[in-house]
């Protein structure tokens, strides 16, 4: 943890530094959603949300978002940009959606992706099929006030197994689609596309800053 | 969650799919082997077609949708999205590709148009579409018809980036010019460029197109790809540029890295070394009018 975040610890209204992994995919939507979430929580002052491409840019971040995109491409670019070890040892919370959820797993059904192993789960890529099977649905999420969450699943993965240390937030017949482990959250769908910021806010509150 | 309440093929799902391609390279492939090379190199998706554009130019005749057998083999070979080209206006070729499980359809001027009056009514489909455009009016007409993604037309199969640059500058410049207009002027301008006024106003509010905007048509080197990104493209399509170069594996990887680090000339310099020959190029000015693909569809 950086000296910056140590200084502001134990205070709910201070700034937070969020990095968004900007190798490929839905990067600007994640930046916009976190900026709006910080504003809603009255924490936009001293906070920042910025794209991350290189290991040095990860220094001092309290949280990292791993966006949706193509998981094989993002996995290769993580290796190319020497980010694998740095993300594995990152001390902040990680908010991962879709391709991000695949990368967070300990096991993936496909050798074309090298997962980070940060959440104890097994993930199936493209669990619902091709793009024509992509769907929107109102999803009940455990412990989330305000009713079901309008979830957007795009060539989405599911977790087929989650370890004891993992809290399952939502499960549908095909598998697990939302989990938390420690400060990390992984979602098979795209909250950054729907305008509902409740999951972003829940993640930020869990950061222990 | 009740299954009957699931919604498929919505505008949000179509545009969302396109958005997941951002910062990526989509590569033209004619068989499963090419598709595997593309995936291995880090392509975000592959585009299936019968022949790459430079071969379509050479061979002439009518260029049609790819053989369904080839599409099925490509879908089996890779885990990344598979796109396919159909002729402008050929809605049955599009229906066929949708049934085969193609993830996005390119209604493309590279193939021989099937309808000189109308483009496909893309809102009728579950699968999203990408269409080519040379300027803002054309881009907005396609979006109005239901395109979830736009790409510059460029001049495919030439290995010459000049037309892609012209089209990207035209689109980005027109959006920048909207900044100085009030609502009435924008409505007037919409009429002039033959585009729906509400889409012109939306571009002005967002400062960009309402959908993802890629570059295509003539990109042959890592520098070409990075230049299109610096001009404002969200990603690039590479057609003949990879599999008509002397070392496709190396060229594919280099273009992926150049797009990832498009604003870092040191990286572009590194990945551009020792690539071998780029695809043979064509001077666009030597083409006869009927050889210019970008004039197809408007």
For chain B, just say rounded, prolate or oblate: build the C-alpha gyration tensor, square-root its eigenvalues into a ≥ b ≥ c, call rounded for a/c under 1.5, and beyond that prolate if a/b exceeds b/c, oblate if not.
rounded
Sequence-separation-based contact order of the stretch B:19-164, relative, with Cα cut under 8 Å and 6+ spacing, percent:
18 percent
Here FRET efficiency (C-beta to C-beta, residue A:168 to residue A:206, R₀ 25 Å, nearest 0.05) is 0.95
Pick out which of A:185, A:41, A:121 has the largest mean-square fluctuation in a Gaussian network model of chain A, springs linking Cα atoms closer than 10 Å.
A:41
Between residue A:35 and residue B:99, what is the label-to-label distance in nm when each label sits 7 Å out along the Cα-to-Cβ direction?
4.6 nm
For chain B, what does the helix formula give at 222 nm: sum of -39500 (n - 2.57) over DSSP H segments with n ≥ 4, over the residue count, nearest 500 deg cm²/dmol?
-12500 deg cm²/dmol
Spatial separation of Cα centroids for the stretch B:142-192 and the stretch B:1-76, in angstrom:
24 Å
DSSP-defined beta bridges in the protein assembly as shown - what % are antiparallel, rounded to 5:
30 percent
Taking a label point 7 Å from the Cα of residue A:109 along Cα-to-Cβ, the residues of the stretch A:124-140 whose backbone nitrogen sits under 14 Å from it are A:124-130
Most mobile of B:226, B:195, B:147 per a Gaussian network model of chain B (Cα springs, under 10 Å)?
B:195
Residues B:13, B:287 arranged by fewest to most Cβ contacts within 10 Å
B:287, B:13
How much length is gained on full extension from residue B:285 to residue B:194, taking 0.36 nm per residue of separation minus their Cα-Cα distance?
30.0 nm
Relative contact order (percent, whole number), the stretch A:3-205, Cα cutoff 8 Å, 6+ residue spacing
18 percent
Separation of the residue A:145 and residue A:57 label points, Cα + 7 Å toward Cβ, nm:
3.6 nm
Quick shape check on the stretch A:3-205: root eigenvalues a ≥ b ≥ c of the Cα gyration tensor, a/c under 1.5 is rounded, otherwise prolate if a/b tops b/c, else oblate, and it reads oblate
Order of A:94, B:201, A:18 under a 10 Å beta carbon neighbour criterion, fewest first:
B:201, A:94, A:18
Once you've got the GNM for chain B with C-alpha springs shorter than 10 Å, pick whichever of B:48, B:156, B:77 has the biggest mean-square fluctuation.
B:77
For chain B, what relative contact order do you get, as a whole percent, if you take Cα pairs closer than 8 Å and at least 6 residues apart?
19 percent
Note down the nm distance, to one decimal, between modelled labels 7 Å out along Cα→Cβ at residue B:121 and at residue B:181.
2.9 nm
Per-residue average of other protein chain Cβ atoms inside 10 Å, peptide B:259-266 -> 2
Peptide-level mean, for B:7-19, of C-beta atoms on other protein chains within 10 Å
6
If we count other beta carbons within 10 Å of each Cβ, what is the order of B:118, B:262, B:189, fewest first?
B:118, B:189, B:262
When a/c reaches 1.5 or more, the comparison of a/b and b/c decides; with that in mind, is the protein assembly as shown rounded, prolate or oblate per its Cα gyration tensor?
prolate
Counting only other chains, what is the mean number of Cβ atoms within 10 angstrom of the Cβ of each residue in peptide A:21-29?
5
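Every number here is computed from the coordinates shown, using simple stated rules; none is lab data. All values derive from a computational prediction rather than experimental measurement. Note that each Cβ is placed from the backbone with ideal geometry, even for glycine, and that neighbours are counted across all protein chains shown.
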